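One structure below.
Computed from the coordinates by the stated procedures, all read-outs in this text should not be read as laboratory data. The model shown is predicted, which means the values in this text are computed figures rather than measured ones. No Cβ is skipped: glycine too gets one built from the backbone with ideal geometry, and neighbour counts run over all protein chains shown.
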Amino acid sequence: MPAAHRQSRPSRQRAAAPAPLLDLAARPEAPGADLIAAVLTHADLETRLGPQRVRRSLSPYRAAELREAGRLNGAEAARSLDLAVIWDEAEAEVVRVIDDAPLRCKTQSSRAWWEDAWEEELWQAPAPRPALRTVKGGRR
């Protein structure tokens with residue numbers, strides 16, 4: 001396409017920061033056995049994953065109750081909201097502990113992730129369409 005026919009659009013692209021080769025951000029500490037046991041024992045959110053397995057986790061309301069009762073301190077109560085435990089009822093054992101803290105820390109540490117998700121160009125008015133020209137001659 002010739003350069004004369006191209007529509008020039010204002011370039012408002014933000015300079016993207018290069019991706020780091022190593023992720024040196026501080027990682028959250030792995031949950032301890034006491035915290036996992038507290039989530040498993042006091043869980044009020046349960047999701048059935050199959051005939052034998054259940055996903056158990058704490059709601060913010062229950063974490064606040066445990067904090068007020070003195071069973072968890074403030075840091076443990078906040079950390080418990082990132083944890084979910086997959087419990088096998090037939091074997092009576094923990095199958096897996098799901099920890100969402102690394103994902104939460106990554107989204108909170110990324111620079112301007114909200115602004116990147118909502119680019120201003122999405123909200124601009126569309127470019128005007130060219131007017132149709134009448135052509136003389138042609139089929140009658």
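The ranking of Arg53, Arg129 by Cβ neighbour count inside 10 Å, starting from the fewest, reads Arg129, Arg53. Applying 1/(1 + (r/R0)^6) with R0 = 25 Å to the Cβ-Cβ distance of Glu68 and Asp34 gives a FRET efficiency near 0.85. Each 10 Å bin from 0 upward holds the following percent of the Cα-Cα pairs of the stretch 33-107: 20, 50, 27, 3. FRET efficiency for the pair Arg96 and Ala75, taken as 1/(1 + (r/R0)^6) with r the Cβ-Cβ distance and R0 = 22 Å, rounds to 0.40. Near the amide H of Arg71, within less than 5 Å, lie no amide hydrogens of residues on another chain or at least 5 residues away, with H placed in the peptide plane.
Apply 1/(1 + (r/R0)^6) to the Cβ-Cβ distance of Val54 and Arg27, taking R0 = 25 Å, and write down the FRET efficiency to the nearest 0.05.
Details: r = 28 Å, r/R0 = 1.12.
So, using R0 = 25 Å, E works out to roughly 0.35.
3J(HN,Hα) couplings calculated from phi for the stretch 51-65 with the Karplus curve 6.51 cos²θ - 1.76 cosθ + 1.60 (θ = phi - 60°) are, in sequence order, x, 10, 10, 9, 9, 10, 8, 9, 8, x, 5, 5, 4, 5, 4 Hz; Gly and Pro show x. Amide H contacts for Val95 (H built 1.01 Å from N in the peptide plane; partners 5 or more residues away or on another chain; cut-off under 5 Å): Ile86, Trp87, Asp88.
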